[in-house]
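Take a look at the structure below.
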Amino acid sequence: MVWAAEDLGSSPEAIDNEDGLVLVPGAALPPGWRAPQPKGGPVHRALTGLYESVKGTFYDLSARSLGSPAPIALAINDRVEALSSGTAWPVRQQGRRGTCIAFAVAAAEELIRSQENAGGQIDPLSEEFLYYWMRDAWNDRRWPAGWTYNFSAAEAEKIDASGTTFLAQAYLILTTKGICSRTLLGYNNTASSLNHVESQASSTAFVTDAVTRKLNPSSLVWNIVKAPQSDISQTDNWVHPVGETRVSDLFKVKLNAGSPIAAAFALYGGNGRNAWSGALAEDYGRVEYPHQIQTDDYQPVAGHAVCIVGYKAHETRPDRVWFIFRNSLGEEFGRDVDESNAEPRPWANGYGMILSNDVDRYCWEYMFRASS
């Protein structure tokens, strides 16, 4: 797999490989996070030092030996496993566009709304509608009430060109406009422009349908890491403080309650690049960040968002779990999952898994329902 990253020195450019599988990062970098930083600098500390004093923060590569982890009794696990095994909720493909956040949020809403349906069916929601209005919010620099990003001209130019977005914008659209049905407005996955938008999304019929699914702002929880503009606390670097609570523990609580999570993760250059695009990810959906990023380039170069839909026990470490996520790269992501007898593993092609301590280190924005 290769990915069309926002290169620090050039405009975003899509890259293909012989398999035709492309990861187009669509999660924008928080403001101030693009400037080159040395090892030990604020950006590096923010992502890799938040929990360095917590036992088990760094992934011990010797722990890869396969075990027989005890299954975790979790209703959302059973629900998604059943959905992923049939045709009721097919994995989708974002194509060559920076729309991963729209896909992650639409998936989360589809899953949680299906629990409210009498028959439990999935009602597909329009990523296209959500993305159009998220980009509209970016163009007008609209953000959730009481909080504003201050971007440099260079950062804004990158976001304009790459089509990347924030979960903050999804929060704003879901609570002001809602989201329309995918049966009304499908997704254009043949567009070749990273920042392509479908102007028809502003049509009255779509807007009218979307408002029936508008959420109360109090029903959503959104958070993002702070910009590295001052010394960063080693215990809390979030705009809405989480105190000493690890993000992975917070995610487990929400999943236990049946709520999926839309989460955005840092993508590094250099050795960190393979976490989402190496053989383990492409073939088995297994996202593993390096034990130590052995490069002088310690700043993230892009971001990718997924919908976290469950978790499984770690092979050998009871203090860790594997979070299972639904990706937006079609069934080519994790394409050999069905051929692996190893456990834990994702439930189906198109799904993946990421270690809990990597969630603590590399998740920089998240959103979920305040109550399931």
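List of remarks:
- Filter pass, A342 being aliphatic (A, V, I, L, M), over 22 Å from Q93 (Cα atoms) and outside any strand (DSSP E or B): yes
- Residue, farthest from I122 (Cα to Cα), within the stretch 173-185, restricted to residues that are buried (at least 21 other Cβ atoms within 10 Å of the Cβ) and among the aliphatic types (A, V, I, L, M): I173
- Selection from the stretch 338-366 of residues that are in contact with a helix residue (DSSP H, G or I) (Cβ under 6 Å, 6 or more places away or on another chain) and hydrophobic (A, V, I, L, M, F, W, C): W347, A348, V359, C363
- Counting only helices (runs of 4 or more DSSP H) that sit completely within the stretch 236-315, those holding 3 or more residues that are surrounded by fewer than 23 Cβ atoms within 10 Å (Cβ to Cβ) and at pLDDT 85 or above correspond to 247-256, 279-284.
- Residue match in the stretch 114-123 (condition: modelled with pLDDT of 90 or more, charged (D, E, K, R) and assigned to a helix (DSSP H, G or I)): no
- Whether a residue is buried (at least 24 other Cβ atoms within 10 Å of the Cβ), at pLDDT 90 or above and of a type in the set (G, A, S) was assessed, and G330 does not pass this test.
- Restricting the stretch 338-359 to residues that are over 30 Å from E116 (Cα atoms) and not small (G, A, S) leaves a set whose member that is modelled with the lowest pLDDT is N341.
- When the stretch 71-91 is filtered for residues that are touching a Leu at 6+ places or on another chain (Cβ under 9 Å) and not in a helix (DSSP H, G or I), the ones remaining, listed by number, are L74, W89, V91.
- Looking at V91, V105, just one residue is at pLDDT 75 or above, farther than 19 Å from G285 by Cβ and buried (at least 17 other Cβ atoms within 10 Å of the Cβ), and that residue is V105.
Yes/no per residue for (1) touching an Asp or Glu at 6+ places or on another chain (Cβ under 9 Å); (2) aromatic (F, W, Y):
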{"residue": "N150", "(1), (2)": "no, no"}
{"residue": "A154", "(1), (2)": "no, no"}
{"residue": "S162", "(1), (2)": "yes, no"}
{"residue": "Y187", "(1), (2)": "yes, yes"}
{"residue": "S193", "(1), (2)": "no, no"}
{"residue": "V197", "(1), (2)": "yes, no"}
{"residue": "A210", "(1), (2)": "no, no"}
{"residue": "I224", "(1), (2)": "yes, no"}
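- Of all residues in the stretch 138-185, those satisfying the criterion of being of a type in the set (S, T, N, Q), touching a helix residue (DSSP H, G or I) at 6+ places or on another chain (Cβ under 6 Å) and assigned to a helix (DSSP H, G or I) are Q169, T175.
- Test: residue in the stretch 339-353 that is touching a Phe, Trp or Tyr at 6+ places or on another chain (Cβ under 6 Å), of a type in the set (A, V, I, L, M, F, W, C) and closer than 23 Å to R97 by Cα: yes
- The stretch 186-202, residues that are surrounded by 15 or more Cβ atoms within 10 Å (Cβ to Cβ) and either in a helix (DSSP H, G or I) or more than 25 Å from the chain's Cα centre (by Cα) (or both): A201
- Flag if T208 is over 25 Å from G330 (Cα atoms), of a type in the set (S, T, Y), outside any strand (DSSP E or B) and at pLDDT 90 or above: yes
- Residues satisfying the stated conditions in the stretch 113-142, i.e. within 13 Å of F166 (Cα to Cα) and hydrophobic (A, V, I, L, M, F, W, C): L130, W133, M134, A137, W138
The values are calculated or read from the model by the stated rules, or taken from the named source; none is laboratory data. From a predicted model like this one, the values you see are computed outputs, not experimental measurements. Because the Cβ atoms are built from the backbone with ideal geometry, glycine has one as well, and the counts that use them run over all protein chains shown.
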